[in-house]
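K.L.:
Below: one structure in structure tokens.
The values are calculated or read from the model by the stated rules, or taken from the named source; none is laboratory data. What you are looking at is a predicted structure, and each value in this text was computed from that prediction instead of being measured. All Cβ positions, glycine included, derive from the backbone under ideal geometry; neighbour counts span all protein chains shown.
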């Protein structure tokens, strides 16, 4: 039991250090705009639970948007659509937590500002990751497929859905790793939309 506690402590410490800037920013927002709380420790606990719940909800939202994008014929993976869903999800989380935590009471303006700040941060991080990913993809020429296979993928995507296309290419070219095929099919699908 003691070993499990000590193995959990470094993870919580690292997570707390990563969240410290956001906690400080949110504490300043709550202090200047207003909000009642019985003790600072309750407010920090509230914010910590909000970050964890918001992170988990954002992971689910991003996964659902990616799945919906894979199965739909039109492109819905726009960063703005993702930001709108993140904004709504974060607002729902902070409102529910505000109703559960009796020691913390935040006005609507404070909730909106905190949610907008978190959504903006997630949007910026996602945008920076996308730019880094595009640069890495441009640098990784050996990971791309030959032009004939990419043309075949493009023509298959016009007739079939994403999953069927991946399966057919994998059956036809078993020596190509499935991860490479999936990346190529997703890239070609997004280019064609």
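K.L.:
When you look at residue 107, is it touching a helix residue (DSSP H, G or I) at 6+ places or on another chain (Cβ under 9 Å), touching a residue at least 24 places away in the same chain (Cβ under 8 Å) and closer than 30 Å to residue 160 by Cβ, yes or no?
P.N.:
Judged against the criteria, residue 107 is not a match.
K.L.:
So is residue 33 outside the structural domain of residue 186 (by TED's automatic domain parsing) and in contact (Cβ under 8 Å) with a residue 40 or more places away in the chain or not?
P.N.:
Yes: the conditions hold for residue 33.
K.L.:
Give me the pairs, please: first residue somewhere in segment 152-170 and within 9 Å of residue 185 (Cα to Cα), second residue anywhere and not in a helix (DSSP H, G or I), beta-carbon distance under 8 Å, and either six or more positions apart or on two chains.
P.N.:
Correct list of pairs: 153/145.
K.L.:
Evaluate segment 107-130: report whether one residue or more is modelled with pLDDT of 80 or more and not in a helix (DSSP H, G or I).
P.N.:
Checked segment 107-130: at least one residue is modelled with pLDDT of 80 or more and not in a helix (DSSP H, G or I).
Listed here are the residues, each with its yes/no results for (1) surrounded by 12 or more Cβ atoms within 10 Å (Cβ to Cβ); (2) under 16 Å from residue 117 (Cα atoms).
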| site | (1), (2) |
| --- | --- |
| 11 | no, no |
| 17 | no, no |
| 22 | yes, yes |
| 29 | yes, yes |
| 41 | no, no |
| 49 | yes, no |
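Let's see how each residue does on (1) surrounded by 15 or more Cβ atoms within 10 Å (Cβ to Cβ); (2) at pLDDT 80 or above; (3) not assigned by TED's automatic domain parsing to the domain that holds residue 58:
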| residue | (1), (2), (3) |
| --- | --- |
| 135 | no, no, no |
| 151 | no, yes, yes |
| 154 | yes, yes, yes |
| 177 | no, yes, yes |
| 188 | yes, yes, yes |
| 191 | no, yes, yes |
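K.L.:
Any residue in segment 6-26 that is assigned by TED's automatic domain parsing to the domain that holds residue 53 sitting within a Cβ distance under 7 Å of a residue that is assigned to a helix (DSSP H, G or I) and at pLDDT 80 or above? List the pairs, counting only those 6 or more apart or interchain.
P.N.:
19/48; 19/51; 22/51; 23/44; 23/47; 25/117; 26/47; 26/114
K.L.:
Can I ask one more? Here's a check for you: in segment 1-59, which residue that is over 16 Å from residue 99 (Cα atoms) and not in a helix (DSSP H, G or I) is modelled with the lowest pLDDT?
P.N.:
The selected residue is 1.
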